[in-house]
Amino acid sequence: MESSESSGARRVRRGRSARTARRRARPVSRGRPLLCAAFASVAVVGATAAGTVYVKAQAHTGKGALSSSATPSASREASVETVAEPTVDYDVLLAEAMQSMGVEDGTEVSVSVLDPASGDSASYGEGAFVTASIVKVDILATLLLQAQDADRHLTAAEKTYATAMIENSDNASASALWRIIGEADGLDAANERFGLKETEGGDGLLWGLTRTTAADQLTLLQQVFGDDTELSEASRTYLRGLMGQVAADQHWGVSAAADGSGWALKNGWLPRSTTGLWVINSIGRVTADGHDYLAAVLSHGNSTKAKGISLVETAARAAVSVFAGETVSASRSPSLSASQSATG
């Protein structure tokens with residue numbers, strides 16, 4: 001789970017065979033070229049956030065005497081020059097924003113962000129990361145999908161577990177639901193339907209050691225916050241509601257990129273027993289300047305929990321700024337309650 005791993009667990013993890021084929025599933029950035037129509041004797045200059053489109057037309061009048069049969073259209077010649085807007089590479093913009101950040105030696109971070117309104121997305125960083133407690137969103141999504149398939153509602157006990165697992169990041173509740181869904185096999189089967197291609201459930205009861213990518217977590221968020229997904233509207237609404245009510249000591253992570261309380265998230269934090277370094281992750285939906293964004297930030301190799309949280313929050317603001325056009329603010333020191341658990 002999210003505390004220390006036993007040496008037996010590490011041997012199982014090293015010896016296991018991959019249950020799923022690992023295929024790259026990175027969001028691709030898209031731009032939308034604009035095309036302007038031009039008319040004679042009209043000059044139009046249109047500025048966009050990504051570039052400028054120029055459309056020019058010039059009329060030429062003949063210098064000779066006009067005959068009675070000549071028409072204005074016959075006496076003028078229009079020339080039109082158009083320049084299409086260049087496409088925007090949001091991956092490049094995100095990379096530039098991330099490279100301006102200070103990252104500890106040995107720390108790795110990966111980010112994926114989506115603007116649902118436009119469909120534009122951006123990603124930075126590669127590789128798989130241990131999920132820690134962000135997998136709890138996946139566990140509940142799997143439970144809800146299985147309940148839909150069985151045409152049943154969640155039981156009272158399942159709802160109690162779900163609330164504690166998401167809002168309070170309770171590990172015992174996560175273990176109970178992990179067993180109910182069929183552990184890694186159940187999670188992997190649901191993820192195949194959700195479209196997660198590089199996520200593999202942890203062995204045995206080690207759900208916190210599930211491995212995933214930022215791109216896959218963005219895909220999962222689309223299942224939760226999108227429309228017409230594998231999850232029913234009722235299931236999506238239920239899961240969103242819990243993510244919007246996490247305990248006060250977990251009000252950090254991607255929420256740093258939001259305006260006020262416009263967010264719904266799940267965080268994960270885990271000190272690795274082999275190195276003492278921290279895994280710090282955060283996924284969710286944030287609202288900035290009236291627009292919703294989905295963001296996933298994964299990191300490992302952080303020397304302390306506080307530094308990991310600061311890194312994740314700065315990365316989240318950088319990711320949203322690519323689309324919101326904001327300047328990334330300086331890293332804010334996270335306020336950590338003394339009552340926060342070592343794992344979550």
In this model, which of 197/305; 266/307; 136/305 are farther than 27 Å apart at the alpha-carbon? 197/305
Please list, in order along the stretch 136-152, the HN-Hα scalar couplings obtained from phi with the Karplus expression 6.51 cos²θ - 1.76 cosθ + 1.60 (θ = phi - 60°), rounded to whole Hz, x for Gly and Pro. 5, 5, 5, 4, 5, 4, 5, 4, 5, 5, 5, 5, 4, 4, 8, 6, 9
From the backbone phi of the stretch 279-293, what are the Karplus-calculated ³J(HN,Hα) couplings (6.51 cos²θ - 1.76 cosθ + 1.60, θ = phi - 60°) in whole Hz, Gly and Pro given as x? 8, 10, 10, 7, 9, x, 10, 10, 10, 9, 6, x, 10, 8, 9
Testing the spin-label approximation: label points 7 Å from Cα along Cα→Cβ at residue 233 and residue 117. State their distance in nm. 2.3 nm
Which parts of the stretch 177-192 would a label at residue 153 reach, counting a residue when its backbone N lies under 13 Å from a point 7 Å out along Cα-to-Cβ? none
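No lab work stands behind these numbers, since they all come straight from the coordinates. Remember, it's a predicted structure, so these values are computed and weren't measured experimentally. Here the Cβ is made from the backbone with ideal geometry for all residues, glycine too, and neighbour counts use every protein chain on show.
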